[in-house]
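The structure appears below as structure tokens.
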Amino acid sequence: MKKFLIVLMSLMLFALTGCGDKDYEIPLIIYDFEDLYMQDFEDLIYLGDNYSEFHFVSYDSKNSQIIQNEIVSDVLLNDSNVIVVNPVDRLGVYPLIAKAKENNISIIFINREPIKEDLLLYDKLYYVGAKPEQSAEYQADIIINLFGGNPYALNEFDLNDDNVIQCVILKGEPGHQDAEIRTEMVIEELHNAGFEVEILTVEEAYFSQDLASQKMRDLLPLYGESMEIVIANNDAMAIGAINVLIEEGFFVDENLDGIIDRATEVWFPVVGIDGLPIAVELIEKGYLYGTVLNDSETMAQAINELAYLLVRGLGMNDFSFVIEDNKYIWIDYKKIY
Amino acid sequence: MKPFRNVSIDKKLSLVVILLVFSALLFSSGFIYFRTYKAFESVVEDNSKEINKQIILNYESHFEEIRETGRYIEIETSKLETANQTNLYSLYNSFATLNADIISISLVDDTGHVQATSYSSYVQNSYLTEHEWFIKAIENEGVYFFLISPNKKVFLNTNEEVINASKRIEYYIDGVEQVGVLLIELSTLKIDTISKQSNLGEDGHIIIFNDQDELIYSSDSNCIDSTCLSNVLARDLIIGGKFVEINGTDMYMSINTIHGTRWRIATFINVEIISSSQFTLSMLLFYVFITTIILSIIGTSILTKQITKPLNQLKTHMLEIQNSDHLYREVDIKGQKEVVILAQAYNDMIKEIRRLLDRLVEEQNEKRKTELIALQTQINPHFLYNTLDSIVWLAEQKDNEHVIEMVIALSRFFRISISRGKDVIPIEKELQHAQYYIQIQQIRYSNKFDYTFDIDESILEYEVVKLILQPLIENAIQHGIHEEYKGQIHIKAYQENGFVNFEVSNNGYGLTKQKIEEIYEKIASDNHESVGLKNVVQRLKLYYGPTADIEITSELDKNTTFKIYYPILKGEI
């Protein structure tokens, strides 16, 4: 009987510890499940989960910092010592940090970068993301490439041949860090490279495809003739613009094969940022000229590896990513065109 | 359980029932109390959180409105070739005028100089770059900072409290991009208005504090700086919700951030209703508890009384019977069925015992009577011998008359003695029997004594146990004849107070009191030494009950009377 009990006990112990590691939950608190980009990103984070020590459990903050606060307060009661937070309000995360500090829990912030002052509040805070200005730099590179690379002698895409790039900018949510920085930096980079740019208009389309279509439809009568390129803060807006441009004859699929052959068929350059799968597809089909891939896949890997190190309590020496100030893990964008 | 053996059944039953009811009630009311309390608490908690959210939404929409205005101003500002007071005053001023919450709108360049403002005249403060709103905004791109500026406005040296909303923006001077800070001064009135609109219950209040836990706003007059209890509690919790007590009032505190600001808002909602309902609930449960306990005590005692009362009656009855001779009483018990059956069985048993005992007594009496009569009827051989001897002597004397008299007397004496086997004979016969005896003895004793009969004729018809006078007369002749003078034997029979009395008196030596006592003792004694007198008394008692007895009175050398008496049986009157 005693032996039987011992066997039973060890079996139970085995069951507990065997699956125990895998049962270790890391809360993945997304700002809004409705966000397509975050859906993709979330999938990638799950796919990158090659560690047997833990698994992610997603929570939806429903774009409300109040809900996010509640979720964080709740998960802090669990025994996870790492949480991944995609903040709703960049400015509103400092109480969460204070809470985490109180409970000695690490937070990996993703997608929205908290202000530096907050990240300095506590040493177990990390941010995995891309430098917003880099996306704009890369977007500018794509544009420079389109116009031939020589600021003093633009190629045939300088439609009016004035050596000035006439552009329409589709801006994201005003005040949004990405929108502001991308808008500002793409122009700045072009300037830095010696290109002259004439901004015909900056339309705020709030990162939305539908809103971008609407804005595009409104501005075409005004700037349709003069614009040489549409620069969008993200792919969704770029796609929204392309849909209108197709309607208005800026793209003509003469052989109706669903693919625009840039050599033979009519097309118009539109650049985006984010590298959504649908955007990549559109590039392959010749509609979208280029995009900057927000390398979510690499970010997902970095998040997983960082989570693993934190769960195991290992130092950052083994981390295969560069960690800046012991807080920032910057993932480079990728140009696709 | 030994100590419980001596406890009566009703106490035991009551104790068990009350204990059971008590523990069941305690458990169930505890459970109900806990569950109801928890459920109620969580409802109140959810409700409080909901109110907090609503308030926050109100604040957020207020700040969003400000940001919206700021955005518009930013865009308009950045569109200008040159942004300066001349170009922007009317725009800024119209916004500041139209929106009651906005006190002023200003653009400050990166060196702290005012580039444009909604004020028509202002004091140029030379240290603007040292202001927190300036530093925060310039350091963080794309973010609005909302900061409280205590006791002064930036441009006018007044004491009115304002909120500074600042953001780093780009603008152009002669087409050259510049970096500056857009500053919107806001009135705190709106904050107050929103909080006043919120229904937080008595003493409920709102506090707003910043990322440094400094109090920015409080709707509670008791909370005027960062050291007040509300702020301390909020600071300790950071964010979330908690039940707290402030100045003796139960409150639910919930803290959340206000989107786009670095402020937190803590709402304190009066939740006294929890403790008051807690009290009501506990009182209700208490009453139910007490009522049920009382009812169960009453119920149990009624129930146990129903069982134990007839049982106790039965017990008392049995004890009475044990301690007395009242065996002939049946117990009449109403109550619990089982006990009634038990009582009936007991009655039947008593009846049976009684019947058996009666029979036994009867049999004993019969046997005794037979024995006694047998003893009595044994012919004293001396008497017969002496009588026959006397007859012979009389015959020798040729005294035929006396011989005849003697023989007739003797034969009649024996006839009555036998009485055809009957125990009871009419008194007349008994008197005749006595007379034959005394007649024989008188002849035998040669007239040494005289005798007289004094008979109440009315009793002759009554019956008497036979052969009771003869031993008395025999006794009187043997002991009552004085040597010196002729003996007198007087026999008297009469009725008095329902008793038949026979008195046999003699004028012999008499008996001392001590002697009389000895005789009484002998008669009463249980030993089987049979004396004639004892036999008489015993038979009288056997036939006529304890009231029949003997009474001896004596005056020395004068007169001695043996009196026996017995009650006249009812049927004879």
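The values are calculated or read from the model by the stated rules, or taken from the named source; none is laboratory data. Since this is a predicted model, take the numbers as computed values, not measurements. So basically every Cβ, Gly included, is an ideal-geometry build from the backbone, and we count neighbours across all protein chains shown. We work out accessible area using only protein heavy atoms, side chains counted, and drop any ligands, DNA or RNA first. Shrake-Rupley method; radii C 1.70, N 1.55, O 1.52, S 1.80 Å.
Of note:
- Where the alpha-carbon atoms of the range B:1-120 are placed on the principal axes, they occupy 110, 28, 22 Å, in descending order.
- Listing of the range B:252-296 residues, each with accessible area lower by at least 40 Å² in the full protein assembly than in the chain alone (probe 1.4 Å): B:Asn256, B:Thr257, B:His259, B:Arg262
- Only protein heavy atoms count here; under a 1.4 Å probe, B:Phe383 has an accessible surface of about 20 Å².
- Chain-alone versus full-assembly comparison, the range A:74-108, residues with accessible loss of at least 40 Å² (1.4 Å probe): A:Asp89, A:Leu91, A:Tyr94, A:Pro95, A:Lys99
- Rounded to whole Hz, the Karplus (6.51, -1.76, 1.60) HN-Hα couplings of the range B:470-483, x for glycine and proline: 3, x, 5, 5, 4, 4, 5, 5, 5, 9, x, 9, 7, 5
- Neighbour net charge for B:His259 - beta-carbon separation under 9 angstrom, K R +1, D E -1: -3
- Charge dipole of the protein assembly as shown (Cα centre as origin; +1 on each Lys and Arg Cβ, -1 on each Asp and Glu Cβ, all else neutral): 10000 debye, rounded to the nearest 20.
- 0 to 90° range, to nearest 10: angle between helix B:337-377 axis and chain B longest Cα axis: 10 degrees
- Full extension of the chain between B:Ser23 and B:Glu518 gives 170.6 nm of extra length, using 0.36 nm per residue less the Cα-Cα distance.
- Reachable lysines from B:Lys466, criterion Cα separation under 21 angstrom, eight or more residues apart if same chain: B:Lys367, B:Lys369, B:Lys422, B:Lys429, B:Lys492, B:Lys534, B:Lys541, B:Lys563, B:Lys570
- Those GluC sites (Glu not before Pro) in the range B:469-503 that DSSP places in a loop and that have at most 12 other beta carbons within 10 Å: B:Glu483, B:Glu484
- Here is the list for the range B:428-472: GluC sites (Glu not before Pro) lying in DSSP coil, each with at most 10 other C-beta atoms within 10 angstrom of its C-beta, are B:Glu461.
- Accessible surface of the protein assembly as shown, 1.4 Å probe, proportion on carbon and sulfur as whole %: 54 percent
- The range B:421-572, Rg to Rh (Cα coordinates; Rh as Kirkwood inverse mean 1/r): 0.95
- Percentage relative contact order, chain A, counting C-alpha pairs under 8 Å, at least six apart: 16 percent
- B:Thr292 versus A:Lys116: modelled label distance in nm, points set 7 Å from Cα along the beta carbon direction: 6.8 nm
- Simple point charges give the picture: +1 on the Cβ of Lys and Arg, -1 on the Cβ of Asp and Glu, and for chain B a dipole about the Cα centre of about 2940 debye.
- Farthest toward positive dipole pole in the range B:80-191 [+1 Lys/Arg, -1 Asp/Glu at C-beta], among B:Ser187, B:Ile135, B:Gln115: B:Ser187
- Within straight-line cross-link reach of B:Lys448, aspartates and glutamates at Cα separation under 12 Å, skipping those fewer than 8 residues along the same chain: B:Glu483, B:Glu484
- The distance between label points at B:Glu245 and B:Glu352 comes to 7.5 nm (points 7 Å beyond Cα on the Cα→Cβ vector).
- Amide H to amide H, with H built 1.01 Å from N, A:Tyr24 comes under 5 Å of A:His55, counting only residues 5 or more places away or on other chains.
- One chain, two ends: B:Ser126 and B:Glu64. Fully extended at 0.36 nm per residue, the span grows by 19.3 nm beyond their Cα-Cα distance.
- Taken along the Cα-to-beta-carbon direction at a fixed 7 Å, the label points for B:Ile408 and A:Leu159 span 19.0 nm.
- Total formal charge among the other residues, if their Cβ is under 14 angstrom from that of B:Leu431, Lys/Arg +1 and Asp/Glu -1: -4
- Take every pair of alpha-carbon atoms less than 8 Å apart whose residues are at least six positions apart; their mean separation over the length of chain B yields a relative contact order of 9 percent.
- Dipole axis of the protein assembly as shown (+1 Lys, Arg; -1 Asp, Glu on Cβ), positive-most option in A:Gly240, B:Tyr565, B:Tyr485: B:Tyr485
- Here's how it looks for A:Tyr328: its modeled amide H is under 5 Å from those of A:Tyr127, which are all 5 or more places away or on a different chain.
- Solvent-accessible heavy-atom area per residue, rounded to whole Å², over the protein assembly as shown at 1.4 Å: 50 Å²
- ³J(HN,Hα), Karplus 6.51/-1.76/1.60, whole Hz, each residue of the range A:328-337, x for Gly, Pro: 9, 10, 8, 10, 5, 6, 10, 8, 10, 7
- Taking every alpha-carbon pair under 8 Å whose residues sit at least 6 apart, the range B:421-572 reaches a relative contact order of 23 percent.
- Scanning residues 5 or more positions from A:Phe321 or on other chains, none has an amide H under 5 Å from its amide H, with H placed 1.01 Å from N in the peptide plane.
- Dividing the summed -39500 (n - 2.57) terms of all DSSP H runs of n ≥ 4 by the residue count of chain B sets its mean residue ellipticity at 222 nm at -18000 deg cm²/dmol.
- For the range A:43-66, a decrease in accessible area of 10 Å² or greater in the assembled protein chains relative to the isolated chain, with a 1.4 Å probe, applies to A:Gln65, A:Ile66.
- Descending by average beta-carbon neighbour count within 10 Å, the peptides B:400-407, A:182-189, A:102-109 line up as A:182-189, A:102-109, B:400-407, the highest first.
- For chain B, the longest principal axis of the alpha carbon atoms and the long axis of helix B:513-524 meet at an angle near 70°.
- For the pair A and B, total buried accessible area rounded to nearest 100 Å², probe 1.4 Å: 2400 Å²
- Beta bridges assigned by DSSP with both partners in the protein assembly as shown are antiparallel in approximately 65 percent of cases.
- Farthest positive-ward along the protein assembly as shown dipole, Cα basis, beta-carbon charges - from B:Val464, A:Pro27, A:Tyr127: B:Val464
- Rounded to whole numbers, the Karplus 3J(HN,Hα) couplings from phi for the range A:66-82 are 4, 5, 4, 4, 5, 4, 4, 4, 5, 6, 5, 6, 6, 9, 6, 9, 9 Hz, using 6.51 cos²θ - 1.76 cosθ + 1.60 with θ = phi - 60°, and x at Gly and Pro.
- Charge dipole of the range B:372-480 (Cα centre as origin; +1 on each Lys and Arg Cβ, -1 on each Asp and Glu Cβ, all else neutral): 440 debye, rounded to the nearest 20.
- A:Leu220 sits among other residues whose Cβ lies under 12 Å from its own Cβ, and their net charge, with Lys and Arg +1 and Asp and Glu -1, is -3.
- Loop-located chymotrypsin sites (Phe, Trp or Tyr not before Pro) across the range B:126-168 with a Cβ neighbour count of 13 or fewer within 10 Å are B:Tyr127, with loop assigned by DSSP.
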